[in-house]
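Values quoted throughout were computed directly from the atomic coordinates according to the rules given, and no laboratory measurement underlies them. Since the model is a prediction, treat every value here as computed from it, not as a measurement. Cβ placement follows ideal geometry from the backbone for every residue including glycine, while neighbour counts extend to all protein chains displayed.
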Amino acid sequence: MSYTSTINVGLADRIRGFFAELGERSRRAQTYRTTFNELNALSGRELADLGIHRSEIKRVAYEAAYTA
């Protein structure tokens, strides 16, 4: 009986982990999209004030979402 309950607990943990990872990926993707869209909406002058060139927007959005 304990063998079956150990398998069930392991499976439940794996399923919980899967959905937690899915949620984390979704949050990171949303952060990337939001950052990218907000920076892309700025004018060249506003970007220059922030010290960002338009060609760096993807990198900055990626770093905001996927590094930390």
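A few notes on this one:
- Helical runs (DSSP H, four residues minimum) scored at -39500 (n - 2.57) apiece and divided by the length of the chain put the mean residue ellipticity at 222 nm at -28000 deg cm²/dmol.
- Label separation (Glu24 vs Ile52): 2.5 nm, computed from points 7 Å beyond Cα along the C-beta direction.
- Nearest-ten-degree value, helix 57-66 long axis tilted from longest Cα axis of the chain: 30 degrees
- Computed from point charges on the beta carbon alone (+1 for Lys and Arg, -1 for Asp and Glu), the dipole magnitude for the chain about its Cα centre is near 180 Debye.
- Note that the chain, at 20 °C in a medium of 1.002 mPa s, gets a Stokes-Einstein diffusion coefficient of 147 µm²/s from its Kirkwood radius over C-alpha pairs.
- Label zone at Thr34, where the point sits 7 Å out along the Cα-to-Cβ direction: the stretch 43-68 residues whose backbone N lies under 19 Å: 57-68
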